[in-house]
Amino acid sequence: MKNIKSQYPHLVRAIQEEEKEAEEYIEGLLMALAKPVVVMDPGWGVPDQLKADIKMERMIQLAKGEGGVATDAECLAYLSNASLCAPPSGPWFKIYMHLARKHMGDRAPDIFDGDCELTEYEKRELDDLRHWLWKQSESACKVRYK
């Protein structure tokens, strides 16, 4: 075996790189399934369908090689939960409605009709929320699985 390694070092490196990539992908998949959903008040919970959608969106995100930000479904879960604690302000209400309409698609009731396009300010706020939720979820997962 030692002789093969010395004769074909480039193949050994290629195999090691592929093994590392596979391990990282599996770790990412496990994180997508196991990471907690961040909410303002855990007492309110998150609907089971939305939890399933979060896992699916996380796996899609992983397959696309995207990461570092929470998914639309995660943001929707957080804002939905937060709105049960206190009514959202104007920009956050619009962000919430935008995410809900996007998530529900054709199933959205008439209340979601109207202008839900986000302004540049609202897009930045949503982007900040995505990054913050990702960091919170990663931190919680590291503490949970230490």
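Where a number appears in this text, it was derived from the coordinates with a stated rule and is not lab data. The model shown is predicted, which means the values in this text are computed figures rather than measured ones. Note that each Cβ is placed from the backbone with ideal geometry, even for glycine, and that neighbours are counted across all protein chains shown.
Count the net charge of all other residues whose Cβ sits under 15 Å from the Cβ of Gly65, scoring Lys and Arg as +1 and Asp and Glu as -1. Spell out each step's value before the answer.
Numbers: positive: Arg58, Lys64; negative: Glu21, Glu24, Glu27, Glu57, Glu66.
In short, -3.
What trypsin sites (Lys or Arg not before Pro) in region 59-101 are in a loop by DSSP, with at most 14 other Cβ atoms within 10 Å of the Cβ?
Those satisfying the criteria are Lys64.
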- [ ] Return the calculated 222 nm mean residue ellipticity for the chain, to the nearest 500 deg cm²/dmol, obtained by summing -39500 (n - 2.57) across DSSP H runs with n ≥ 4 and dividing by the residue count.
- [x] -23500 deg cm²/dmol
Open item on the list: Report, to one decimal in Å, the Kirkwood hydrodynamic radius for region 35-144 based on all distinct Cα pairs.
Closed with: 14.5 Å
Open item on the list: Counting only other residues whose beta carbon sits under 11 Å from that of Glu74, what net charge do I get with K and R as +1, D and E as -1?
Closed with: +2
TODO: In a Gaussian network model over the chain where Cα atoms closer than 10 Å are linked, find which of Arg107, Arg13, Arg124 has the largest mean-square fluctuation.
DONE: Arg13
Open item on the list: I'd like the Karplus ³J(HN,Hα) series for region 81-91: coefficients 6.51, -1.76, 1.60, θ = phi - 60°, whole numbers in Hz, and an x wherever there's a Gly or Pro.
Closed with: 5, 5, 5, 7, 8, 7, x, x, 6, x, x
